[in-house]
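To start, the structure itself, in structure tokens.
The values are calculated or read from the model by the stated rules, or taken from the named source; none is laboratory data. Keep in mind it's a predicted model, so treat the numbers as computed, not measured. A quick note on method: Cβ atoms are made from the backbone with ideal geometry, for glycine too, and the neighbour counts reach across all protein chains shown.
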Amino acid sequence: MALDDKQQYQTRQFKVVGTRVKRPDGVDKVTGKARFGADMSAPGMLIAHVLRSPHAHARIKSIDTSAAEALPGVHGVVTRADFSEITDDDFTADILDNCMAGDKALYDGHAVAAVAANSVAVAKRALKLIKVDYEVLPHVTDVDAAMEDGAPVLHDGRANETVPEGMSPNVLARYEFGHGDIEAGLAKADRVIERTYKTEATHQGYIEPHACLASMGPDGQADLWCCTQGHYMVRNTCAAIMGMEQGQLRVTASEIGGGFGGKTTVFLEPVALALSRKTSRPVKMVMSRSEVLRATGPTASSSIDVRIGMTKDGQITAAFAELRYQGGAYPGSPVEFGSMSAFAPYDLENVKTVGWDVVTNRPKQAAYRAPGAPMAAYAVESAIDELAKGFGLDPLAVRLKNAAREGTKASYGPTFPAIGLEATLRAAKDHPHWAAPLGENQGRGVACGFWFNFGGDTCVTLNITPDGTVTVSEGNPDIGGSRASMSMMAAEELGIPYEQVRTIVADTGSLGQNEVTDGSRVTFAVGLATIESARAAKREMCKRAAMVWGIEEDAVKWEDGAAHPAGENAGKHPPMTLKEIAAVASNTGGPIAGHHEANPEGAGVSFATHMVDTEVDPETGAVKILRYTVFQDAGKAVHPDYVEGQFQGGAVQGIGWALNEEYIYGDDGILQNAGFLDYRIPVASDLPMIDTVILEIPNPGHPYGVRGVGETSIVPPLAAVANSVSEAAGVRLTQLPMSPPKVLSALHSK
Amino acid sequence: MSKIHITTSVNGDPTEFLCEADETLLDALRDRLGMTGAKEGCGTGDCGACSVTVDGRLVCSCLMLGAEAEGREIGTIEGMAEGDQLHPLQRKFIEHAALQCGICTPGLLVAAKSLLEKHPDPTEEEARYWLAGNLCRCTGYDKIIRAVMDAAQEMREAS
Amino acid sequence: MQYLAPTTVEEAVSALAAHSGDCRLLAGGTDLLVRMRSDMADPDAVIDLKRIDALRQINPEDGGWRVGAAVSGAEMGEHEGLVADWPGVVEATNLIGSTQVQGRCTMAGNLCNASPAADSVPAMVAAGAVARVVGPDGTRVVPVEEIPTGPGTTSLAKGELIDAIILPERGARSSDAYLRFIPRTEMDIAVVGCAVSLTLDEDGTCTAARVSLGAVAPTVLLVPEAADALIGTKVDDTALDALAAACSAAAKPIDDKRGTVDFRVHVAGVLAKRAAKIAKKRAGGAA
Amino acid sequence: MVQVKIWGSLAAMTDDQTEVKIDAATLRELLDGLAGKYPGLRPQLDRGVSVAIDGRIYNDSWFTPIKPDSEVVLLARLKGG
């Protein structure tokens, strides 16, 4: 049969891909029927709540749960003693320790015990009866302070082999990337600037708090319902923590109310399973917003030194950055991605980054949209902007002059294939936004950003129903419209209308392993597997048609939703449509399905350029976003509305990070703003419309040219807003967030 | 602790429930009545995901006791469509892709409906301020505002 | 917890006086329920005031307005007479929280919550509003600024409640304005708030003024020196500079998660100028 | 033999070289070869790496072919949000 199975991109005319169809989960979500994490109940269900450390750092000398256990209505209490220790896997051991503290509480909000009871009121009363004897220890929450000699130490002996002797035990890893000779490059510059930038930790801020419902029986089988970006990850992690076989734990992903990386690990799920195991009852857990902010995973805070040399015509001669990220109380801040991505948009002869992973008494960081990249881009793009403006050069022209393109040796090592940075910069330069006049106290900022994207384990099963419609089962929670995209790609490949395909997210018992919905991978990797599943189904359908016609299989081709006799048989039989083949499936060998299991590699990297106008109130330091335009390469926009949505959502999260969002710790190490009142995410009235320009530079590694789009959009805005505000204020801002007191203080220091 | 018996109306249906004195209307709707369309995003009136109307007035159901519902008329997202006819706002939210994850959508729709009942021809700025108490983390609000403005226009033309 | 829903003020007062435990009044509930949710309050009883019809009304009184303790911000904003007389008080109340919160929150509740950053309180203070306090020993009338005694504490005696806020008669060429500074455009607690109420004579000279600041001291401040900077002037730039200086001098704020001392001191003056200009314009003064 | 570029902080484990030569025709042979020749790299290889081969990034696929003249770059293991 004449199918091209190569995964390589080919130019083609699309019929469904690229249109703006309605999403399959739309009606459920606008009518309140869609079921999210907290919307599930079970007969005989108990409610569990968590007791959390009121100290930033404390040794847990003892926990007395007897009074709580004796309270009528309480069915079970768990502490760390209810979990087996994990000795052979530091990664999972840290996750367990984060879900339930062991010897020490490492941050304000760290879980120390949990109670399952027959009502919320009883569970909460029981928490007050648990007596924890703490020995309060000195704490540290700032990344630079944690690196100093004599800083309070969280763990001893966790530093890996890359950390030089003599550093604080809080420094756990060192990364170095780059090439060339920095000093030699700097010597050729007409100006070298050295700046230090700081960013505060921000939270993904998904509106749905974590929630789960666990049910485990004495036979060791368990079911778990939860809101997560990856239920296969939840299964594997919980099985490891609970000492279960993965096959005995079935996890069903609820609709997910936002994640942005924050739901790529577990917090409640092992605790709910342990309580269910102990009580033999279903156990439901739902976090409050304050628990979400205190005890789930914000991203890292950072402190970054940048040294860049530039000639007066805008050529960067050398670029160096040293990045210090604290990722909370455990190893794993995303400093390596910050270090790899910091200078990725530029073609540099001499470039070097050094990254330090540091622990502090803060919650264990979790991934947040392009983890580690936005703060690095903020520092680098601020310094480049300052140099360009210092020479009186057009900041877009300077970026174009130094832009990475096909054949550029990336700052993190490899040579770029076809990439879209230049296209985004040219689109920005040609856009009316760039030429629009600015008023008094207004400024315009631009910045570039980069993200890797990746693939990962993926399974898709595509079934042809007896009436000739199509169902697609995939294993990745749909966080921004991916079921629509999968249905579109299946319809495109099969040559049938979008409306005849329905995609569902299957539980962990129904498909093989699937990587988490992260790394902007779903439209790329699951899309690829969907296309391959459809191709497998087409092959089978061509075979069935060949049987009916009594000709050879390879004399049949698939076109426009039907099998056609090809070659010398062309025209000898009328085409058999998908519907007609489905109708005789039982007579030709049984049900028809296609499936594809793979670990697609080769996701294309992606670039964006953002442009923003702001106005600064010179008397109060308040910043208003006046106009915002995103230029980003999407490879191929499968559903343009959702591509635009990713651009807009990422930009606005970045605006929040730049202006008002921050983790505020008191001197006591306690989080001061554990609520949406003072953790200030942007509201509708803070913003203008967010304009978008989609560039399509096909990814050669995907049959339709798709690149991940979800993460890159949060990389440039911190810097773009900072460059804009700095121009409007007439003074350079080097710390995020640029909250009004900071801007006013900078204005007064002019 | 004895529960309080409440007689009320939810989306026009006569409804009774028992609740604790300190239980919020949101918890009563979700846990007593199984109406999980209103969501808890914060529990402190900062996110609007639990928006409902009480005697026609937009409120956060997390900031009201269930006991206060006695004799009131409660309106929730579950009552927004009429049978199989989606409200114009619901249709426009789907058409404009004004939702990504959808957790804030019920609250935004209830709030937007209340806006258009009071201000059938809002400016973009009025819509943005009216909806400022409804947090959305996915969309950056752009497509939400477009959907609301488009629905407003359609509803004006239809009336 | 007990939930009580009296239908008369007398019932409410006797329930409040009779209760031996931690008994809280529920008007809009937009502070009380947050406190309960955050484990900052665990009352034994809650008395809901919204079933008392008299407390849900806005009535004329002595040329001014009596606003019942259970009247919501949204209802105030829909009352044309009140908006015409006291636009600053109404706009301040309408800044409390979201549209949803507006459907519930009340001026009396905002006052009794006794937050130094309460939006409606500076406006009430500048307006010269009084609280009508009802208790076991009868009714008394207390200037609004004497109700809060510090963050979260009030001068109300055991068994007392505020059943109405009374805004005085508004004379000719008089108006008021309230501005607050917040980091976002909505949904934040005031970092600084400032209300200005003033009266002009026929040639535009300020004959009376009251200026009040929020979030710059443990309680909302009435700043007579700031008012003095306006009285006798045409509320011109010189007067406005003096007003700003007086406000900044009166501000005694703290550093916290919402703002710094320097910021609050400076912005108190900035807001005072801006609010005074708005009040002047509303009172019919020349731009 | 393929030339493998490793990142700077691992050079201490490879006699201060940032480019090393390994006899490998697939990704698996490359990883095994690195661990065999430079045991100091093992902890990092156990923690996980990604490998860019001719500009495309691979995480796991052992039998990805590597040509002698391929550009091969070791990267920190990629993850996303």
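Surrounded by fewer than 24 Cβ atoms within 10 Å (Cβ to Cβ) and in a loop (DSSP other than H, G, I, E, B), is that true of A:Asp691? Spelling it out, it is not the case that A:Asp691 is surrounded by fewer than 24 Cβ atoms within 10 Å (Cβ to Cβ) and in a loop (DSSP other than H, G, I, E, B). Could you please let me know if A:Gly654 is at pLDDT 95 or above and farther than 22 Å from A:Ala300 by Cα? For A:Gly654, the condition - at pLDDT 95 or above and farther than 22 Å from A:Ala300 by Cα - is not met. The residues listed here are A:Arg277, A:Arg289, A:Arg250, A:Arg235; of these, the one that is at pLDDT 95 or above, among the charged types (D, E, K, R) and in contact with a Phe, Trp or Tyr (Cβ under 8 Å, 6 or more places away or on another chain) is A:Arg289.
What tally of residues in segment A:55-69 results from selecting those that are closer than 11 Å to A:Leu129 by Cα and either surrounded by 15 or more Cβ atoms within 10 Å (Cβ to Cβ) or at pLDDT below 95 (or both)?
Matching residues across segment A:55-69 total 4.
Residues in segment A:630-664 that are β-branched (Val, Ile, Thr) and surrounded by fewer than 24 Cβ atoms within 10 Å (Cβ to Cβ): A:Ile664 alone. Filtering segment A:221-251 to residues that are touching a helix residue (DSSP H, G or I) at 6+ places or on another chain (Cβ under 7 Å) and either of a type in the set (Ser, Thr, Tyr) or within 14 Å of chain D (Cβ to nearest Cβ) (or both) leaves A:Thr228, A:Thr237. The residue list B:Ala112, B:Ala147, B:Ala152 contains one member that is buried (at least 18 other Cβ atoms within 10 Å of the Cβ), touching a residue at least 40 places away in the same chain (Cβ under 8 Å) and either touching a helix residue (DSSP H, G or I) at 6+ places or on another chain (Cβ under 7 Å) or among the aromatic types (Phe, Trp, Tyr) (or both), which is B:Ala147. Only one entry of A:Thr202, A:Thr196 meets the criterion of being modelled with pLDDT of 95 or more and farther than 30 Å from A:Lys312 by Cα, and that entry is A:Thr202. Looking only at residues in segment A:447-479 that are among the aliphatic types (A, V, I, L, M) and more than 14 Å from chain D (Cβ to nearest Cβ), which one is farthest from A:Gly509 (Cα to Cα)? Restricting to residues being among the aliphatic types (A, V, I, L, M) and more than 14 Å from chain D (Cβ to nearest Cβ), the top hit is A:Ala447. State whether one or more residues within segment D:54-62 are more than 7 Å from chain A (Cβ to nearest Cβ) and buried (at least 20 other Cβ atoms within 10 Å of the Cβ). Checking segment D:54-62: not a single residue is more than 7 Å from chain A (Cβ to nearest Cβ) and buried (at least 20 other Cβ atoms within 10 Å of the Cβ).
Within segment A:699-706, does at least one residue satisfy the condition of being of a type outside the set (Gly, Ala, Ser), touching a strand residue (DSSP E or B) at 6+ places or on another chain (Cβ under 8 Å) and either over 23 Å from A:Arg362 (Cα atoms) or assigned to a loop (DSSP other than H, G, I, E, B) (or both)? Step through it out loud before you land on a result.
To start, the set of residues in segment A:699-706 that are of a type outside the set (Gly, Ala, Ser) comprises A:699-700, A:702-704, A:706.
With touching a strand residue (DSSP E or B) at 6+ places or on another chain (Cβ under 8 Å) added as a condition, the list becomes none.
Among the residues of segment A:699-706, not one is of a type outside the set (Gly, Ala, Ser), touching a strand residue (DSSP E or B) at 6+ places or on another chain (Cβ under 8 Å) and either over 23 Å from A:Arg362 (Cα atoms) or assigned to a loop (DSSP other than H, G, I, E, B) (or both), which makes the answer no.
Being at the interface with chain A (Cβ under 8 Å from one of its Cβ atoms) and hydroxyl-bearing (Ser, Thr, Tyr) is not true of D:Ser70. The condition (being buried (at least 24 other Cβ atoms within 10 Å of the Cβ), touching a residue at least 60 places away in the same chain (Cβ under 8 Å), outside any strand (DSSP E or B) and in the same structural domain as A:Ala447 (by TED's automatic domain parsing)) is satisfied by just one residue among A:Glu336, A:Glu349: A:Glu336. Exactly one residue among A:Ser713, A:Ser685 is outside any loop (DSSP other than H, G, I, E, B), free of Cβ contacts under 8 Å to residues at least 60 places away in the same chain and over 19 Å from C:Phe263 (Cβ atoms), and that residue is A:Ser685.
Exactly one residue among C:Lys252, C:Lys234 is in contact (Cβ under 8 Å) with a residue 12 or more places away in the chain, more than 25 Å from A:Leu744 (Cα to Cα) and in a loop (DSSP other than H, G, I, E, B), and that residue is C:Lys234.
Taking segment B:88-131 as the range and being aliphatic (A, V, I, L, M) and either within 26 Å of A:Leu626 (Cβ to Cβ) or touching a Pro at 6+ places or on another chain (Cβ under 6 Å) (or both) as the test, the residues that pass are B:Ala97, B:Ala98, B:Leu108, B:Ala111, B:Ala112, B:Leu115, B:Ala127, B:Leu131.
Only one of these is more than 30 Å from B:Leu131 (Cα to Cα), outside any loop (DSSP other than H, G, I, E, B) and at pLDDT 95 or above: C:Arg180, C:Arg210. Name it. Explain how you work it out, then say what you get.
Details: C:Arg180 fails: more than 30 Å from B:Leu131 (Cα to Cα).
The match here is C:Arg210.
Is it the case, given these coordinates, that D:Val4 is of a type in the set (Val, Ile, Thr), assigned to a strand (DSSP E or B) and touching a Gly at 6+ places or on another chain (Cβ under 8 Å)?
No.
Set side by side, the residues A:Ala720, A:Ala684 differ, and just one is farther than 26 Å from A:Ala342 by Cα, hydrophobic (A, V, I, L, M, F, W, C) and surrounded by 24 or more Cβ atoms within 10 Å (Cβ to Cβ), which is A:Ala684. Of all residues in segment A:721-742, those being within 14 Å of another protein chain (Cβ to nearest Cβ) and closer than 16 Å to A:Ser382 by Cα number 6.
Scanning segment A:214-228 for residues that are over 25 Å from A:Asn673 (Cβ atoms), in contact (Cβ under 8 Å) with a residue 12 or more places away in the chain and in a loop (DSSP other than H, G, I, E, B) turns up A:Gly217, A:Pro218, A:Gly220, A:Gln221, A:Thr228.
Kindly indicate which of C:Val90, C:Val67, C:Val46 is under 26 Å from C:Leu213 (Cα atoms) and in a strand (DSSP E or B). Can you show your working first?
Numbers: C:Val90 fails: in a strand (DSSP E or B); C:Val46 fails: under 26 Å from C:Leu213 (Cα atoms).
Matching residue, one of C:Val90, C:Val67, C:Val46: C:Val67.
Applying the set (1) within 24 Å of B:Arg146 (Cα to Cα); (2) surrounded by 20 or more Cβ atoms within 10 Å (Cβ to Cβ); (3) more than 7 Å from every other protein chain (Cβ to nearest Cβ) to B:Gln85 leaves exactly one unmet item: (2). Restricting the first member to segment A:353-375 and to residues that are farther than 22 Å from A:Leu718 by Cα, and the second to residues that are assigned to a loop (DSSP other than H, G, I, E, B) and of a type in the set (Lys, Arg), the beta-carbon pairs closer than 8 Å and six or more apart or on different chains are A:Val359/A:Arg158.
Summed over segment C:1-21, the residues that are within 14 Å of chain B (Cβ to nearest Cβ) and part of a loop (DSSP other than H, G, I, E, B) give a count of 6. Checking every residue in segment A:181-192 against the condition of being within 14 Å of chain D (Cβ to nearest Cβ) and surrounded by fewer than 22 Cβ atoms within 10 Å (Cβ to Cβ) gives at least one match.
For segment C:29-44, a tally of residues being at the interface with another protein chain (Cβ under 9 Å from one of its Cβ atoms) and over 18 Å from B:Cys42 (Cα atoms) returns 2. Out of the residues in segment B:1-17 that are more than 11 Å from every other protein chain (Cβ to nearest Cβ) and without any contact (Cβ under 8 Å) to a residue 60 or more places away in the chain, state the one that is nearest to B:Leu29 (Cα to Cα). Of everything passing the filter in segment B:1-17, B:Phe17 is nearest to B:Leu29 (Cα to Cα).
Note on segment A:617-637: residues that are part of a loop (DSSP other than H, G, I, E, B), aliphatic (A, V, I, L, M) and within 13 Å of another protein chain (Cβ to nearest Cβ) amount to 2.
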